[in-house]
Amino acid sequence: AQKITQTQPGMFVQEKEAVTLDCTYDTSDPSYGLFWYKQPSSGEMIFLIYQGSYDQQNATEGRYSLNFQKARKSANLVISASQLGDSAMYFCAMREGLGFNKFYFGSGTKLNVKP
Amino acid sequence: DTAVSQTPKYLVTQMGNDKSIKCEQNLGHDTMYWYKQDSKKFLKIMFSYNNKELIINETVPNRFSPKSPDKAHLNLHINSLELGDSAVYFCASSQDTAGRLGGELFFGEGSRLTVL
């Protein structure tokens, strides 16, 4: 089974609107971390936001928030007030277990922000 | 001051050649990785070292050989390059502590390898 599933290969959003990028995960370990990365066309991987499995509140970083629904095993990224510079690939990732462990990446969502 | 740096950024070479990509991190992290990103943007882990010890070795052809001289460096050597090796190779590092949830990956800028 896929550890991380991103079901939206591509999305469009109007500038200044909010957009939600979906991510579901699969693990039986009670300890895990969820991450979102942005990859603009220039190619670098930029860390956006992190949510630990024991965190009670949803993570927020500026215009980014993570809608963490543990029972549904979903960790959707919400970008508020989209900007043209938000156009990029977005990857959801998970690390399960404590200490050293592997990262699992989703297949990514290509977001296009329209002016 | 770049946290994770890899060289070269671009590599164009002929089939059958041998090439190396170097990676260095100045974050003091214990764990380093090599990832391959194919043309469909899928990120696949290749290797991981923790304190110079090989921890993850995914099903990668043995033409690929990583080497970690110390915990700040992880190099990737590729023998007998094939067309299918064309990809972007990312080096990354993370800080991991026993008994705690691991930290995020810090990526290098990527090395684009083109095999002709």
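Throughout, read-outs are computed from the coordinates displayed, never taken from laboratory work. Since the model is a prediction, treat every value here as computed from it, not as a measurement. Virtual Cβ from ideal backbone geometry, glycine too; neighbours counted across all protein chains shown.
Here is how the numbers come out for the structure above:
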quantity: Local net charge near A:GLU17, Cβ-Cβ under 13 Å (Lys/Arg +1, Asp/Glu -1); calculated: +1
quantity: The stretch B:1-32-the stretch A:13-46 distance, computed between alpha-carbon centres (Å); calculated: 25 Å
quantity: Count of Lys pairs (Cα-Cα under 23 Å; at least 8 positions apart or interchain) in chain B; calculated: 29
quantity: Ellipsoid semi-axes in whole angstrom, largest first, where each is sqrt(5λ) of the Cα gyration tensor of chain B; calculated: 24, 14, 13
quantity: Cβ-defined net charge surrounding A:GLU96, 14 Å radius [Lys, Arg +1; Asp, Glu -1]; calculated: +3
quantity: √(5λ) per eigenvalue of the Cα gyration tensor, the protein assembly as shown, largest first, Å; calculated: 30, 22, 15
quantity: Positive-end residue of A:ILE46, A:THR20, A:TYR64, charge dipole of chain A with Cβ unit charges; calculated: A:THR20
quantity: The stretch A:46-115, relative contact order in percent, only Cα pairs under 8 angstrom and at least six apart counted; calculated: 21 percent
quantity: For residues of B:102-111, the mean tally of beta carbons on other chains within 10 Å; calculated: 6
quantity: Restraint check, A:LYS73/A:LYS114; A:LYS16/A:LYS70; A:LYS3/A:LYS38, Cα-Cα greater than 25 Å; calculated: A:LYS73/A:LYS114; A:LYS16/A:LYS70
quantity: Reference-scaled alpha-carbon Rg (2.2 N^0.38 Å with N residues) for the stretch B:54-116; calculated: 1.31
quantity: Average beta carbon contacts from partner chains per residue of B:35-42, 10 Å cutoff; calculated: 3
quantity: Compactness relative to 2.2 N^0.38 Å, alpha carbon Rg of the stretch B:9-54; calculated: 1.41
quantity: Relative contact order (%) - criterion: Cα under 8 Å, at least six apart; region: the stretch B:13-116; calculated: 34 percent
